[in-house]
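Have a look at the structure below before the remarks.
The values are calculated or read from the model by the stated rules, or taken from the named source; none is laboratory data. Just so you know, these numbers come straight off a predicted model, no measurement behind them. With ideal geometry, Cβ positions are generated from the backbone for all residues, glycine too; neighbour counts draw on all protein chains shown.
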């Protein structure tokens with residue numbers, strides 16, 4: 001026997017018992033985004049490495065340590081996308097869409113070579129939402145409201161919204177100089193990552209979760225004291241909109257995000273139910289990124305939802321049933337396989353949304369009814385020799401203690417429509 005080939009560490013299969021949660025999340029997000037006028041864009045998984053170095057930042061952990069980068073046959077350096085915003089900006093600049101207001105969304109896998117753990121994988125999936133050409137805090141608030149509506153639709157509770165402002169690049173540069181002086185004075189108290197980030201990306205030191213670093217971080221100068229006037233007005237406007245919309249939030253002055261392109265608004269939705277990987281959605285403004293990638297300066301804002309982390313929260317709740325079959329057609333009459341397939345086709349045609357499984361591969365009546373029960377179907381439709389002779393189907397309710405019924409074939413569509421709440425025609 002040959003050796004079993006296993007999946008790559010950190011790149012996981014999504015099996016049938018989990019896909020219902022994925023469809024529930026994906027369908028909900030699509031419906032909510034359509035309600036806000038956002039349109040779908042589909043982006044390549046592979047981009048030029050330069051795109052991420054220029055946008056995310058060459059001294060970030062993602063670019064330095066985590067990207068899947070390779071040289072193709074033409075000698076070009078290519079990278080599996082570690083996040084979606086850079087590719088979306090590249091697409092709107094290249095296509096000319098950035099010259100007008102745009103509200104866009106996309107979904108798909110992202111790739112980072114990290115140490116796999118619960119909620120953090122090497123292939124992970126995101127729903128990304130981006131808006132271009134909209135300058136005020138109102139679009140920031142709109143995107144936060146989109147997240148809040150998705151959580152409500154999914155029945156998720158206990159998510160906390162943390163917000164902050166990073167100011168303009170000029171204001172942040174002034175703060176950066178003060179912060180570097182402070183951290184240098186306490187260099188021996190920095191952990192290895194903090195010492196490495198000191199020169200290249202000192203704001204990320206504030207994002208450290210290492211317990212021993214927290215007193216040092218708490219004593220650091222605060223970015224809010226160095227905000228420029230326009231950023232302060234923008235942030236205050238956002239907070240007022242959130243309050244008026246009834247969205248609870250907490251200002252976190254240490255929230256900086258790990259990508260260099262953010263400015264002004266940044267935020268995260270977090271949970272305490274997933275351990276260390278508590279961020280389920282994050283975003284903010286990146287007004288300079290379009291220009292940085294070759295377009296004209298364009299205000300922009302967006303966020304990304306980590307699908308695996310939301311799925312983990314959903315799996316702790318009730319099992320979604322929208323994926324289960326409504327009915328299972330038991331073919332107990334000899335030689336009735338073709339007739340059963342035809343009957344099933346007619347029922348699917350007559351009833352919109354009907355999920356009907358036809359028994360295949362034979363089996364006794366008892367065996368087939370067991371299969372029907374294991375399928376999760378509500379009804380077993382039994383086509384046996386007696387039913388076939390009478391032009392009927394026996395209907396057995398699998399989830400209720402009720403007597404078996406005989407339904408004429410001519411009336412079966414209307415019967416199922418009434419019992420299952422499906423539309424005819």
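When 66, 50 are checked against the criterion of being on the phi < 0 side of the Ramachandran plot and in contact (Cβ under 8 Å) with a residue 40 or more places away in the chain, 66 stands alone in meeting it.
Scanning the range 69-98 for residues that are more than 29 Å from residue 12 (Cα to Cα) and in contact (Cβ under 8 Å) with a residue 12 or more places away in the chain turns up 92, 93, 97, 98. Among the residues making up the range 150-181, those that are touching a helix residue (DSSP H, G or I) at 6+ places or on another chain (Cβ under 9 Å) and farther than 30 Å from residue 33 by Cβ are 171, 172, 174, 175, 176, 178, 179, 180.
Scanning the range 255-274 turns up no residue that is part of a loop (DSSP other than H, G, I, E, B) and without any contact (Cβ under 8 Å) to a residue 24 or more places away in the chain.
Limited to the range 270-303, what total is found for residues that are within 19 Å of residue 56 (Cβ to Cβ) and touching a strand residue (DSSP E or B) at 6+ places or on another chain (Cβ under 7 Å)? Qualifying residue count, the range 270-303: 16.
Taken over the range 245-264, the criterion of being touching a helix residue (DSSP H, G or I) at 6+ places or on another chain (Cβ under 8 Å), modelled with pLDDT of 90 or more and under 26 Å from residue 64 (Cβ atoms) is satisfied by 263, 264.
Need a quick list: strands (runs of 3 or more DSSP E) entirely within the range 351-397 having at least 1 residues that are free of Cβ contacts under 8 Å to residues at least 40 places away in the same chain.
Counting at least 1 such residues, we get 356-358, 392-397.
Residues of the range 29-54 being assigned to a loop (DSSP other than H, G, I, E, B) and surrounded by 17 or more Cβ atoms within 10 Å (Cβ to Cβ), which ones? Scanning the range 29-54 gives 38, 41, 43. Looking at the range 228-243, can you tell me whether even one residue there is touching a residue at least 40 places away in the same chain (Cβ under 8 Å), in a loop (DSSP other than H, G, I, E, B) and crowded, with 16+ Cβ neighbours inside 10 Å? The answer is yes, given that some residue of the range 228-243 is touching a residue at least 40 places away in the same chain (Cβ under 8 Å), in a loop (DSSP other than H, G, I, E, B) and crowded, with 16+ Cβ neighbours inside 10 Å.
For the range 277-298, a residue qualifies if it is over 17 Å from the mean Cα position of the chain (by Cα) and within 19 Å of residue 163 (Cα to Cα), and the qualifying residues are 285, 286, 287.
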